[in-house]
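The values are calculated or read from the model by the stated rules, or taken from the named source; none is laboratory data. This is a predicted model, so every value here is computed, not measured. As a convention, Cβ positions derive from the backbone with ideal geometry for all residues, glycine included, and neighbour counts pool all protein chains shown. For the accessible areas, the whole protein counts, side chains as well, though only heavy atoms, and no ligand, DNA or RNA atoms are used. Shrake-Rupley method; radii C 1.70, N 1.55, O 1.52, S 1.80 Å.
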Amino acid sequence: MNILCVCGNGIGTSVLLKINVEAAAADLGLDVTVTTSDAGSAKGTANMNDLVLTSPQLAPELEGTTTPVETIENFMDVEEVKSVLERYV
């Protein structure tokens with residue numbers, strides 16, 4: 001599964017989310033490839049992924065993509081990330 005993590009600039013919080021997505025996926029036994037992006041570029045690349053994870057504030061910027069967009073309130077909460085990923089197992 002290819003997962004895109006999106007934050008405002010694509011370098012800070014999206015990298016933290018990427019680390020926690022990889023940890024949650026490992027706990028669930030999922031084989032994932034996780035990449036990061038800024039919100040501006042993400043709309044163009046979202047369709048090349050199976051899932052997009054972002055904050056509730058940035059999700060509206062990704063409307064119109066065919067890839068599911070899920071929001072994460074706390075990028076540092078592995079359990080929250082895991083609960084989202086479980087929907088795609």
Please work out if L53 is under 24 Å from A26 (Cα atoms), part of a strand (DSSP E or B), modelled with pLDDT of 95 or more and aliphatic (A, V, I, L, M).
yes
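Conditions (1) free of Cβ contacts under 8 Å to residues at least 40 places away in the same chain; (2) open to solvent by 60 Å² or more (accessible area, probe 1.4 Å); (3) in contact with a Lys or Arg (Cβ under 7 Å, 6 or more places away or on another chain); (4) farther than 20 Å from E80 by Cβ, marked per residue:
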{"site": "G44", "(1), (2), (3), (4)": "yes, yes, no, yes"}
{"site": "V52", "(1), (2), (3), (4)": "no, no, no, no"}
{"site": "A59", "(1), (2), (3), (4)": "yes, no, no, no"}
{"site": "L62", "(1), (2), (3), (4)": "no, no, yes, no"}
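Got at least one residue in the range 38-49 being assigned to a loop (DSSP other than H, G, I, E, B) and at pLDDT 95 or above? Lay out the reasoning, then the answer.
Just the residues of the range 38-49 that are assigned to a loop (DSSP other than H, G, I, E, B), to begin with: 49.
Within this subset, residues satisfying the condition of being at pLDDT 95 or above are 49.
Yes, the range 38-49 has at least one match.
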Scan the range 20-34 for residues that are open to solvent by 60 Å² or more (accessible area, probe 1.4 Å) and touching a helix residue (DSSP H, G or I) at 6+ places or on another chain (Cβ under 9 Å) and jot them down.
D27, D31
Have a look at L85, L16 and point out the one that is touching a residue at least 24 places away in the same chain (Cβ under 8 Å), part of a helix (DSSP H, G or I) and open to solvent by 70 Å² or more (accessible area, probe 1.4 Å).
L16
